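Inspection log for the structure reproduced underneath, given as structure tokens.
What follows draws every value from the coordinates through simple rules; no lab data is involved. The structure presented is a predicted model; accordingly, all values stated were derived computationally and were not measured. Note that each Cβ is placed from the backbone with ideal geometry, even for glycine, and that neighbours are counted across all protein chains shown.
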Amino acid sequence: MKFKKGDTVSVLDEDITGVILKIEGMSVSVETTDGFILEFDAHELIKIKSDTGLESQLFLDNSINRVISEKEEFKPKKSVRVKPKERFEPMMEVDLHIHNLTKSNKGMGNYEMLSLQLDTAKHKLEYAMKNRIQKIVFIHGVGEGVLRMELEYLFNRYDNLKYYDANYQKYGVGATEVYIYQNPK
């Protein structure tokens, strides 16, 4: 292939592009887009364009300046909008149904099941207080109301929380929501 000074060439086996500065026999001097001057054999090059001068570079000076100014331009960050309904939803749900707490409740009496449920509730409540989680929903189910009464007794031991029935549409009557005050007096 015939090359002349000013042609834009690319190296076949490497990711190098540049402009021909001089040709001496089969040796060709190429100025890369990074500004380095390298020597190649003519059979290692392929012609891209036949322009002269620096216009054959990928970016012209004015386009580089435009890109830089776009990058430096201040763009406010988009904030994620949280719906009011979602803002007041509890952060944590604890399902106290016995089949969610143990693999098998065979051989467990009512007292053991109730103790496991209350221990789980106390552990999750302490975890929430330690990690500053404000709202928890304890799903206890309807049943005879024994677990619910024991949970109320547990909640009354703490000064920095209040409890009330959870959202009826979501949980029905078998759940209690606990609000933990973060800065107790």
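What aspartates and glutamates sit close enough to residue 122 to cross-link, taking a C-alpha to C-alpha distance under 19 Å and skipping anything fewer than 8 places away on the same chain?
Of all the aspartates and glutamates, those that pass the test against residue 122 - Cα under 19 Å, at least 8 places apart if same chain - are 93, 95, 112, 150, 152, 159, 165, 177.
What is the packing order of peptides 152-165, 8-21, taking the mean over residues of other C-beta atoms within 10 Å and listing the highest first?
Values: 152-165: 12.6, 8-21: 16.0.
In descending order of packing, they fall as 8-21, 152-165.
Considering all alpha-carbon pairs of the chain, what whole percent are spaced by more than 30 angstrom? Mind showing how you got there, number by number?
Values: 9524 of 17020 pairs.
Tail of P(r) above 30 Å: 56 percent of Cα pairs.
Pop the C-beta distance of residue 5 and residue 67 into the FRET formula with R0 = 25 Å and round what comes out to the nearest 0.05.
On the way: r = 30 Å, r/R0 = 1.19.
It comes to 0.25.
Charges only on Cβ, +1 for Lys and Arg, -1 for Asp and Glu: so what's the dipole of the range 84-180 about the Cα centre, in debye to the nearest 20? Provide the component values of the computation, followed by the final result.
Details: 13 positive and 13 negative charges, 56 e Å.
With only Lys, Arg, Asp and Glu charged at Cβ, the dipole is about 280 debye.
Mind running the shape call on the range 1-51? Use the C-alpha gyration tensor, a ≥ b ≥ c as the square roots of the eigenvalues: rounded below 1.5 for a/c, prolate if a/b tops b/c, oblate otherwise.
Working: a/c = 1.20, a/b = 1.16, b/c = 1.04.
Rounded is the answer for the range 1-51, as its axis ratio a/c remains below 1.5.
Compute the helix-to-body angle for 146-155: its Cα long axis versus the longest principal axis of the chain, expressed 0 to 90° and rounded to tens.
Result, in degrees: 70.
So how tilted is helix 110-130 from the main axis of the chain? Cα-based, degrees 0 to 90, rounded to 10.
Result, in degrees: 50.
For residue 108 and residue 155, what is the calculated FRET efficiency with R₀ set at 22 Å and r taken between the beta-carbons, to the nearest 0.05?
Numbers: r = 24 Å, r/R0 = 1.11.
E(calc), rounded to 0.05, equals 0.35.
Quick check on my link table: of 22/47; 124/162; 106/170; 135/162, which ones sit more than 19 Å apart, alpha carbon to alpha carbon? Each step should come with its number before you reach the end.
On the way: 22/47 14 Å; 124/162 16 Å; 106/170 31 Å; 135/162 10 Å.
Violating the 19 Å limit, Cα to Cα: 106/170.
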